[in-house]
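The values are calculated or read from the model by the stated rules, or taken from the named source; none is laboratory data. Small disclaimer: the values here were computed from a predicted structure and weren't measured. Don't worry about glycine lacking a Cβ; one is built from the backbone with ideal geometry, like all the others, and counts go over all protein chains shown.
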Amino acid sequence: MSFTVAAFSSSPRSRANSEILTDRLLAGAEKSGASVTKAGLHHLSIKACTACGACQSTAEAPCVIDDDMSDLIAQVRAADALVFASPIYFAAVNAQMKLFLDRLFAVFGGGDFLALEGKRMGVVLTYGADDPFESGAVNALRMFQDAAFFLKMDLRGWVHAACMDPGDVESNSSALDAAFALGEKLARDC
């Protein structure tokens, strides 16, 4: 069975910088022998978690909200490595990514908080300010670091770039190279 890298990209823009970097990351993973998938969260219907707790009743209990999240949860469970890609809005991941992350609570049905243990993680963040501190990208990275630690995931790295307009990152060879290298690192040993 092939090693699978599943990417979840949340930018609503066409030619989104975070998506360009994600595509480059996935090319690196493919070069290293992984099969890859990518879900554009902005095209999907993802409603807010209602904190009803129904998904926690058993390990197989589904989320009761009828939207596209059940397919995404299946992708998360099936993948060997997960990539989270988001632009930074107001010093954090954007709303589409936050909705997705909150709804991942259903992965841990029956209180199995080790359901993602050992899975590899990569993060792609883009922002308009000159550096990751001014933009708030470090806040988003810290959130992913904390999640990886708590869930016992293997955070293999992050790629970030300051780029405001759609497609700006295409001229940033160091960010593109870093994304490709992270893809290779996510798929290494597969």
Subset of region 1-27 [touching a Gly at 6+ places or on another chain (Cβ under 6 Å) and either surrounded by fewer than 23 Cβ atoms within 10 Å (Cβ to Cβ) or under 20 Å from Leu101 (Cα atoms) (or both)]: Ser9, Arg15
Enumeration of residues in region 82-126 that are crowded, with 18+ Cβ neighbours inside 10 Å, of a type outside the set (A, V, I, L, M, F, W, C) and either under 19 Å from Met69 (Cβ atoms) or more than 16 Å from the chain's Cα centre (by Cα) (or both): Ser86, Asn94, Gln96, Lys98, Arg103, Gly109, Lys119
Of all residues in region 69-81 being touching a residue at least 12 places away in the same chain (Cβ under 8 Å) and aliphatic (A, V, I, L, M), the one that is surrounded by the fewest Cβ atoms within 10 Å (Cβ to Cβ): Ala78
Cβ-Cβ under 7 Å pairs, at least 6 apart or on other chains, region 138-166 side in contact (Cβ under 8 Å) with a residue 40 or more places away in the chain, far side outside any loop (DSSP other than H, G, I, E, B) and among the aromatic types (Phe, Trp, Tyr): Phe144/Phe84
Residue check, Leu82 at pLDDT 95 or above, part of a helix (DSSP H, G or I) and in contact with a Lys or Arg (Cβ under 9 Å, 6 or more places away or on another chain): no
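Is there a residue in region 151-159 that is acidic (Asp, Glu), assigned to a helix (DSSP H, G or I) and either surrounded by fewer than 17 Cβ atoms within 10 Å (Cβ to Cβ) or within 17 Å of the chain's Cα centre (by Cα) (or both)?
Narrowing region 151-159 to residues acidic (Asp, Glu): 154.
After this cut, where a residue has to be assigned to a helix (DSSP H, G or I) as well, the list is none.
No - not one qualifying residue is present in region 151-159.
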Search result, residues across region 36-65 that are within 17 Å of Arg77 (Cα to Cα), out of contact with any Phe, Trp or Tyr (no Cβ under 7 Å at 6 or more places or on another chain), at pLDDT 95 or above and surrounded by 16 or more Cβ atoms within 10 Å (Cβ to Cβ): Val36, Lys38
Considering residues of region 167-184 that are farther than 17 Å from Pro87 by Cα and touching a residue at least 40 places away in the same chain (Cβ under 8 Å) only, the residue surrounded by the most Cβ atoms within 10 Å (Cβ to Cβ): Gly183
